[in-house]
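Presented below is the structure to which this report refers.
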Amino acid sequence: MGTNDISILAIESSCDETSASIIVNGKVLNNIVATQSVHEKYGGVVPELASRAHQENLIPVIQEAILSSGITKDQLSAIAFTRGPGLMGSLLVGVSFAKAFARSLEIPLIDVNHMQAHVLAHFIEDPRPAFPFICLTVSGGHTQLVLVKSHLQMEVIGETQDDAVGEAFDKTAKLLGLPYPGGPLVDKYANEGNPKAFKFPVTRMPGLNYSFSGIKTAVLYFLRDKLQENPAFIDENLPDLCASIQYTLIEMLLIKLKEAVKQYGVREIAIAGGVSANSGLRETLGELARRKGWNLYVPKFEYCTDNAAMIAMAAHYKYLKGEFVGLDVTPLAKMKI
Ligand code: KG4
Ligand code: ZN
């Protein structure tokens with residue numbers, strides 16, 4: 001490790017994953033993630049419990065990242081952290097630690113936008129998309145279409161006006177009696193079901209924006225009526241219900257993606273966020289890309305869900321540009337790309 005090497009410790013604590021990663025000269029060395037299982041029994045992330053779990057997990061996660069990287073804390077060039085968007089209490093744990101650590105090591109501090117980082121997860125490993133590209137970021141907290149012009153120049157060209165698509169998966173799964181988070185289970189049952197068995201409305205928003213709150217209500221009323229006729233309706237139709245709901249959500253995602261491609265004339269397409277693990281979405285998008293001649297980029301799953309490696313990647317590009325923040329920096333629950 002010479003004096004010209006750039007080594008950064010990055011911390012992610014915006015929602016319910018506590019994560020740390022070390023990046024050296026743009027190469028991610030590790031990605032340590034502690035997932036909080038405490039939320040399962042509540043059927044969603046409980047902010048107060050998330051903050052407490054971050055407080056408990058953060059130091060062990062950072063220690064593991066530093067130890068397994070083979071470098072020492074004195075060799076670090078900077079400390080990076082997720083500034084937002086996210087849960088205020090969760091963000092505060094990471095930001096406070098990052099400030100104190102940077103101060104004690106007398107090295108610069110780098111603030112990272114979580115949504116930019118989801119996009120930059122595509123630069124952790126090959127193949128890397130070429131600029132400009134369009135990234136569809138889909139998770140439990142976000143649904144955005146981002147036009148990516150360079151590593152740090154991005155423009156949100158469409159986004160959800162209410163629920164995120166992951167939320168739509170999880171909330172409809174809950175109506176079907178599935179445990180939290182229901183997204184992966186809907187995916188699993190959908191594989192054995194008929195996507196055309198039931199028809200749910202495709203919500204169309206103006207421009208490239210999304211709305212995913214309507215499907216939850218549609219499924220609620222649909223199930224209420226069906227269950228009145230037949231109390232075993234869900235049990236008897238679970239795969240078909242999951243397949244039909246998933247089909248509708250994928251349809252809504254892809255309609256706007258196709259519109260965005262047409263509007264911006266871009267053929268480099270990337271997908272990020274936890275919902276990109278969905279096998280139906282991967283398959284449909286893969287086919288669409290082949291048909292349309294798009295180059296499609298899907299990162300490894302560990303870089304799709306919330307993780308510090310993507311924060312580290314973003315921090316590396318900010319370091320190169322000398323974009324640092326002072327110790328008076330504060331987290332932002334809402335933060336624009
Ligand atoms: O990116 P992520 O780990 O956390 C944030 O929300 O930021 O995304 C979690 C979301 C949850 O809503 C979860 O249900 C959904 O991603 N998800 C899936 C699948 N795997 C995770 N949704 C549908 N199909 C999946 N296979
Ligand atoms: Zn996220």
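Heavy-atom accessible area per residue, the chain, 1.4 Å probe: how many Å²?
Ligands and nucleic acids excluded, the figure is 44 Å² per residue.
Can you return the aspartates and glutamates within cross-link range of residue 73? Criterion is Cα-Cα under 17 Å, with same-chain partners fewer than 8 residues away left out.
Qualifying aspartates and glutamates at Cα under 17 Å: 5, 64, 106.
I'd like the distance between the alpha-carbon centres of region 282-315 and region 189-265, rounded to an integer number of Å.
Their Cα centres are 23 Å away from one another.
Under 16 Å from the Cα of residue 256, which lysines turn up, not counting those fewer than eight places away in the same chain?
292
Any idea what the dipole of region 130-299 comes to, in debye rounded to 20, about its Cα centre with Lys/Arg Cβ at +1 and Asp/Glu Cβ at -1?
540 debye
Below 17 Å, Cα to Cα, which aspartates and glutamates can residue 216 reach? Residues fewer than 8 away in the same chain don't count.
Partners found: 162, 163, 167, 170, 187, 225, 240, 251.
Output the antiparallel fraction of DSSP beta bridges having both residues in region 117-273, as a percent to the nearest 5.
The antiparallel fraction comes to roughly 70 percent.
Over region 122-212, what is the relative contact order in percent, taking alpha-carbon pairs closer than 8 angstrom and at least six residues apart?
24 percent
Determine the sum of side-chain charges near residue 145: Lys and Arg each +1, Asp and Glu each -1, restricted to other residues whose C-beta is under 13 angstrom from that of residue 145.
0
Return the distance in nm (one decimal) between the two label points of a simple spin-label model at residue 6 and residue 217, each offset 7 Å from Cα along Cα→Cβ.
The two pseudo-label positions are separated by 4.8 nm.
What do you get for the angle between helix 47-69 and the principal long axis of the chain? Use alpha-carbon atoms, 0 to 90 degrees, nearest ten.
With both axes taken from Cα atoms, the answer is about 50 degrees.
Using the Cα centre of the chain as origin and beta-carbon charges of +1 (Lys, Arg) and -1 (Asp, Glu), tell me which of 90, 9, 252 is placed farthest towards the positive end of the dipole.
252
Name the residue, out of 118, 142, 151, whose mean-square fluctuation peaks in a Gaussian network model built on the chain with Cα pairs under 10 Å.
Fluctuation is largest for 151.
Along the charge dipole of region 130-299, which of 195, 145, 180 sits closest to the positive end, that is, farthest toward it, with unit charges on the beta carbon of Lys, Arg, Asp and Glu (+1, +1, -1, -1)?
145
Quick check on the chain: of the DSSP beta bridges with both residues there, what percent are antiparallel, nearest 5%?
Counting DSSP beta bridges with both partners in the chain, the antiparallel share is about 60 percent.
Pop out the carbon and sulfur fraction of the accessible area of region 130-299 as a percent, whole number, probe 1.4 Å.
50 percent
Magnitude of the Cβ-charge dipole of the chain, K/R +1 and D/E -1, about the Cα centre, nearest 20 debye?
Result for the chain is approximately 860 debye, rounded to the nearest 20.
Among the GluC sites (Glu not before Pro) in region 95-164, which ones are in a DSSP loop with at most 15 other Cβ atoms within 10 Å of the Cβ? Mind listing them?
Answer by residue number: 106, 125.
Mind checking which of 281, 301, 131 is farthest towards the positive end of the chain's charge dipole, using Cβ charges of +1 (Lys, Arg) and -1 (Asp, Glu) about the Cα centre?
131
Given R₀ = 56 Å, FRET efficiency for residue 228-residue 264 by Cβ-Cβ distance, to 0.05?
Step by step, r from the Cβ atoms, then E = 0.75.
In a Gaussian network model over the chain where Cα atoms closer than 10 Å are linked, find which of 35, 72, 160 has the largest mean-square fluctuation.
Comparing 35, 72, 160 in a Gaussian network model of the chain, the most mobile one is 72.
In deg cm²/dmol and to the nearest 500, what is the mean residue ellipticity at 222 nm of the chain if only DSSP H runs of at least 4 residues count, each as -39500 (n - 2.57), divided by the residue total?
-14000 deg cm²/dmol
Lysine pairs in region 142-199 with alpha-carbon atoms under 26 Å apart, 8 or more places apart or on different chains: how many are there?
8
Under a 10 Å cutoff between Cα atoms, tell me which one of 88, 154, 205 has the largest fluctuation in the Gaussian network model of the chain.
Most flexible of the set in this elastic network: 205.
The values are calculated or read from the model by the stated rules, or taken from the named source; none is laboratory data. This is a predicted model, so every value here is computed, not measured. All Cβ positions, even for glycine, are placed from backbone atoms using ideal geometry, and neighbour counts span all protein chains on display. Side chains are part of the model used for accessible areas, which takes the heavy atoms of the whole protein and leaves out ligands, DNA and RNA. Shrake-Rupley method; radii C 1.70, N 1.55, O 1.52, S 1.80 Å.
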